[in-house]
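The values are calculated or read from the model by the stated rules, or taken from the named source; none is laboratory data. As the structure is a prediction and not an experimental result, all values here were calculated from the model. Heads up, the Cβs are rebuilt from the backbone with ideal geometry, glycines too, and the neighbour counts pull from every protein chain shown. Heads up: the accessible areas ignore ligands, DNA and RNA and are worked out on the full protein's heavy atoms, side chains in. Shrake-Rupley method; radii C 1.70, N 1.55, O 1.52, S 1.80 Å.
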Amino acid sequence: MKKVKMRHSNSRFLLLALAALFFFSNPSFAQDAADSPSVEENTTPVDEAGLEGDVSAGKDLFNSLCAACHKPYKRAIGPALHGVTEKRGKEWLYSWIKNSSAMIEAGDPQAVAIYEEYNKVAMNAFPQLSNSDIDNILAYVEQPKPEPKVAVATEGAAAAGQGGGAGVSTQVVLGILAFVLLLLLVVLFLVNKTLTRFAEANGVVIEKDEKTSKPIWKAFVENQFLVIVTTVVLLLVGSYYVYGFFMQVGVDQGYAPVQPIHYSHKIHAGDNGIDCKYCHSSARVSKQSGIPSLNVCMNCHKSIAEVAPETATEDYSKEFYDGEIAKLYDAVGWDPSTQSYTGEEKPVKWVRIHNLPDLAYFNHSQHVTVAGIECQKCHGPVEEMEIMRQHAPLTMGWCIECHRDTKVNMQGNEYYEKIHEELSKKYGVETLTAAQMGALECGKCHY
């Protein structure tokens, strides 16, 4: 009789099947609904009020001349302008926009009523505007209020996911694959069983592997050399990871806490191009960069009660941003309906992100004003951050490396001209680094 060895084909095939299932479960195999063609939106404005005017030109004029005090659909310093053509005649609007003070002095009842309603503050005169310019502005402000774009995109994505033929669900693909693999396992089991019976019928003896050797763990314990080498390797590897763990204590790189009022650096510093030092003004003259007071926020948000619809993203809707502005108003006690302060203020408990230990000294003005270093050098691309995070590790090694690489600008600094010249000769360079100027001395940062 012929002897053959029994192979564990079932278990091996099962492992291969599981690996294949894991591989095909990758979401990249599912059809992306976003790849389906989208319906192009009609962005052409419609003048429902029937006004004669260029809406595009009116928008430009409104943003440059009127947006500081007026909003189309909401009251600001002045009244909302949407629907103004239904309340006032065209000739009256021409006279009012060109010179409101003259109408008030002439005793026009409507002009005087508006003047009294808005705390006796006259509107700026715009004599440079022609009647056609005013028609353009009126045509723009009378446009219907646009719907939030994010909501439309979300509904479109949902329709694409539910519509027939738009894409195959990942769960369906996984279900089909699991069913096919199950069938293959059943077939393999039946084939293996049939072959076993066929071998027994033909007198073939199936020999199973028998372990006659010593267990590997016992052989390892009895080999002193392997035990010593393994112990040394484990100690070295363990020491490496323990050292790495302790070196990360107090390092908060990537720390991005949730603030009581969501503040998007991406919108303010990125999209709107606001200078970092407009809000953090003390960074120019002080050790600390400072937390901007809410009065700084209100310099702009006194007139900005809501964001534009195009500001919304997939993660943050227009309603979310408008709600955060409402939190700001609640904190400073600002009533947007009356455009006045209520006197009821609430403190905002901001969460600090960058925090050096007390043993280290750092002066913002020395780096920002004297050295002229950009804020992004230490804080990273803040203009791209929706949620502010700690970009750099702020470790001692990180600071030292920067001092070794940063070259000092000596132009126009007559006070240090002599020492610059001597140090340049000493190191044989034309431009000194901060380290060569003494920035690596312990007493510079620790005293």
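If you go through region 393-415 and pick out every residue that is of a type in the set (Ser, Thr, Tyr) and surrounded by 13 or more Cβ atoms within 10 Å (Cβ to Cβ), you end up with 2.
On the stretch given as region 429-447, residues that are aliphatic (A, V, I, L, M) and open to solvent by 70 Å² or more (accessible area, probe 1.4 Å) total 1.
Checking each residue in region 305-322 for being without any contact (Cβ under 8 Å) to a residue 40 or more places away in the chain and in a helix (DSSP H, G or I) picks out only Asp322. Right, Met123: at pLDDT 85 or above, part of a loop (DSSP other than H, G, I, E, B) and out of contact with any Pro (no Cβ under 8 Å at 6 or more places or on another chain) or not? The answer is yes for Met123.
Quick one: would you say Ile97 is at pLDDT 90 or above and either more than 24 Å from Tyr341 (Cβ to Cβ) or surrounded by fewer than 16 Cβ atoms within 10 Å (Cβ to Cβ) (or both)? Quick ask: steps written out before the conclusion?
Numbers: at pLDDT 90 or above: yes; either more than 24 Å from Tyr341 (Cβ to Cβ) or surrounded by fewer than 16 Cβ atoms within 10 Å (Cβ to Cβ) (or both): yes.
When the stated conditions are applied, Ile97 passes them.
Asp358 meets the conditions (1) within 26 Å of Thr311 (Cβ to Cβ); (2) of a type outside the set (A, V, I, L, M, F, W, C); (3) open to solvent by 40 Å² or more (accessible area, probe 1.4 Å); (4) without any contact (Cβ under 8 Å) to a residue 60 or more places away in the chain in every case but one. The failed one is (1). Count of region 100-114 residues, restricted to those that are open to solvent by 60 Å² or more (accessible area, probe 1.4 Å) and part of a helix (DSSP H, G or I), is 3. Only one of the numbered conditions (1) open to solvent by 50 Å² or more (accessible area, probe 1.4 Å); (2) closer than 30 Å to Leu328 by Cα; (3) free of Cβ contacts under 8 Å to residues at least 40 places away in the same chain is not met by Lys426, and that is (2).
Output yes when any residue across region 339-353 is in contact (Cβ under 8 Å) with a residue 60 or more places away in the chain, open to solvent by 70 Å² or more (accessible area, probe 1.4 Å) and of a type in the set (Lys, Arg), and no when none is.
yes
If you check Ala68 against the conditions, is it surrounded by 12 or more Cβ atoms within 10 Å (Cβ to Cβ), touching a residue at least 40 places away in the same chain (Cβ under 8 Å) and closer than 29 Å to Val307 by Cβ? Taking the combined requirement at face value, the residue satisfies it.
Reported count of residues in region 272-301, each being within 17 Å of Ile325 (Cα to Cα) and either in a helix (DSSP H, G or I) or touching a Pro at 6+ places or on another chain (Cβ under 9 Å) (or both), is 9. Total residues in region 81-94 satisfying the condition of being of a type in the set (Gly, Ala, Ser) and either under 14 Å from Ala139 (Cβ atoms) or surrounded by 17 or more Cβ atoms within 10 Å (Cβ to Cβ) (or both): the figure is 1. When you scan region 246-266, do you find a residue that is modelled with pLDDT of 90 or more, within 43 Å of the chain's Cα centre (by Cα), surrounded by 13 or more Cβ atoms within 10 Å (Cβ to Cβ) and not in a loop (DSSP other than H, G, I, E, B), even just one? The answer is yes, given that some residue of region 246-266 is modelled with pLDDT of 90 or more, within 43 Å of the chain's Cα centre (by Cα), surrounded by 13 or more Cβ atoms within 10 Å (Cβ to Cβ) and not in a loop (DSSP other than H, G, I, E, B).
Might you check whether a residue that is part of a helix (DSSP H, G or I) and under 30 Å from Gly443 (Cβ atoms) occurs anywhere in region 385-396? Within region 385-396, one or more residues are part of a helix (DSSP H, G or I) and under 30 Å from Gly443 (Cβ atoms).
All conditions but one from (1) touching a helix residue (DSSP H, G or I) at 6+ places or on another chain (Cβ under 8 Å); (2) open to solvent by 40 Å² or more (accessible area, probe 1.4 Å) apply to Val332; the one that does not is (2).
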